[in-house]
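First comes the structure, then the notes that go with it.
The values are calculated or read from the model by the stated rules, or taken from the named source; none is laboratory data. Bear in mind that the values here come from a model prediction, so they are computed numbers and not experimental data. Don't worry about glycine lacking a Cβ; one is built from the backbone with ideal geometry, like all the others, and counts go over all protein chains shown. Heads up: the accessible areas ignore ligands, DNA and RNA and are worked out on the full protein's heavy atoms, side chains in. Shrake-Rupley method; radii C 1.70, N 1.55, O 1.52, S 1.80 Å.
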Amino acid sequence: MKDLFKTNKMFRLLLWYQFFSGLGGGVFSFFMLFSVHMLYRNPIYTGIAGFLMSAPFIFAFAVGPVIDRRNKVTIMRLTTFLEFAVLAMLVVTPFQERLGVMFMFAVIFIYSLAALFEAPAGTALLPNIVAEDKIMEANSLIQIISITGGIVIAIVLFVIMGDTINNGYADSGSFISFELVYGISAGFLALALLFAILLRCPSAQVNGKPAAANYLRDLREGAKFLRHNVLFYITIAMVAKSFVIEVAYISMPAFAEYHVGAQGYVVLTVISMAGVLAASFLVGLFGKRFRVGQLLLVVTALQGGMRILFVFILPEQYYLGLGVHFLFSALGAASGVVVQTLGQKIPPKDMVGRVNTISTTFAAIFVAIGALAGGLIGNVVPVVDHIFIYQGIAYVIIGIFIISIPSIRKLPKVNEIGDNKTEDTTSIA
């Protein structure tokens, strides 16, 4: 991984972009949902906020052909600027308190709309600036640098917002800290925009034809490729996992507040990021040694067991519970890096954007449904702990599904995928 960083200038710029984007975007992914919970203490509002975070991604399939045909870096520049503008508006607007939850809903939706284009553009750019046998290492480094940014912003939130969190935003002074956090995040996004400006997309990968010329044909080609490939079954498993994750995610603020206090949610978030950081590093170093299908089965089933243990251990032994949560997050990150690498290695380079966004669309549909379902379930289930027990059981079932698919079981090691020897392994046609 060190050699990749030293020898590839464009990849270094992409890493710095991801670092500052992670710092700036960390407040969105973490703080917005939590602030809705703390401001209104209404599971329905929290569910709507989670829904708005994921709803734009339902239409991810529509942006795939655009990303494949256009300059990925230009798309990243425009969307990062929009994200910066939204957070800057939160800092200067005088209507923050007056407009209430509807204002927050609007901000969440606009930011998510920008991310709808930004994330797949970065995913599609990577295979064009990194050698094929270095893609998993590159994904691991990007994950490491992004999560490092997320940990920094979570610690900043923990320090700056400590009194505010404990007071539940009860006093008007709390909004001073609120605006300060968004100001810091907007500054980080401005730095991310600077590195996006310095990035270059290889000219050979920029198609000069209008994106709309063969739009429907491009979309059909991406869908056909996904349908007749092992990625189809992996997408099904990840979509199911996304739904279960979102149902539990909506209830996490209430779970943390009940068992360990409001600030415990911040601690759990930092621990989760630390798990992702550790797993990303280990996968980058050792992930090539394992067969992909077996690795996905083991980490998913173990995640289910860790989640069930977490529910029973955290209320009784706080630090041991944090350790279990760390392992749960690490296992999830490991499977995420592997799946993302498959999505970049198996399709042709000019189809990565389409395949990625089609998969994202299906995941987003069920994440959005999961967010609304999580809000409703949070009102119905009398003990919030049960939601996380159900999550663990669902993970085990998903692991069984993964190993039941022959084409997944036969997947070789990551670096062997794409060779002529493995062509029949990835195809299910």
The listed residue being at pLDDT 85 or above and part of a helix (DSSP H, G or I), out of 396, 367: 396
Any hit, region 18-27, residues being open to solvent by less than 20 Å² (accessible area, probe 1.4 Å), in a helix (DSSP H, G or I) and modelled with pLDDT under 75: yes
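Looking at 88, 60 in this structure, which one is in a helix (DSSP H, G or I), in contact (Cβ under 8 Å) with a residue 24 or more places away in the chain and under 30 Å from residue 275 (Cα atoms)?
Working: 88 fails: under 30 Å from residue 275 (Cα atoms).
Selected residue: 60, the only one of 88, 60 that is in a helix (DSSP H, G or I), in contact (Cβ under 8 Å) with a residue 24 or more places away in the chain and under 30 Å from residue 275 (Cα atoms).
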For residue 256: the one exception among (1) modelled with pLDDT under 80; (2) assigned to a loop (DSSP other than H, G, I, E, B): (2)
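Just checking, does region 198-218 include any residue being at pLDDT 80 or above, acidic (Asp, Glu) and surrounded by 15 or more Cβ atoms within 10 Å (Cβ to Cβ)?
Narrowing region 198-218 to residues at pLDDT 80 or above: 198-200.
Adding the requirement that they be acidic (Asp, Glu) leaves none.
Looking through region 198-218, none of the residues is at pLDDT 80 or above, acidic (Asp, Glu) and surrounded by 15 or more Cβ atoms within 10 Å (Cβ to Cβ).
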Residue within region 320-332 that is over 30 Å from residue 201 (Cβ atoms), open to solvent by 50 Å² or more (accessible area, probe 1.4 Å), over 22 Å from the mean Cα position of the chain (by Cα) and modelled with pLDDT of 80 or more present: yes
Residue under evaluation residue 87, criteria (1) open to solvent by less than 30 Å² (accessible area, probe 1.4 Å); (2) within 19 Å of residue 372 (Cβ to Cβ), criterion not met: (2)
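Yes or no, residue by residue, for (1) over 20 Å from residue 268 (Cα atoms); (2) in contact with a strand residue (DSSP E or B) (Cβ under 9 Å, 6 or more places away or on another chain); (3) aromatic (Phe, Trp, Tyr); (4) surrounded by fewer than 24 Cβ atoms within 10 Å (Cβ to Cβ):
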{"position": "352", "(1), (2), (3), (4)": "yes, no, no, no"}
{"position": "373", "(1), (2), (3), (4)": "yes, no, no, yes"}
{"position": "376", "(1), (2), (3), (4)": "yes, no, no, yes"}
{"position": "385", "(1), (2), (3), (4)": "no, no, no, yes"}
Cβ-Cβ under 6 Å pairs, at least 6 apart or on other chains, region 338-355 side under 13 Å from residue 125 (Cβ atoms), far side among the small types (Gly, Ala, Ser) and part of a helix (DSSP H, G or I): 352/124; 353/64; 353/124
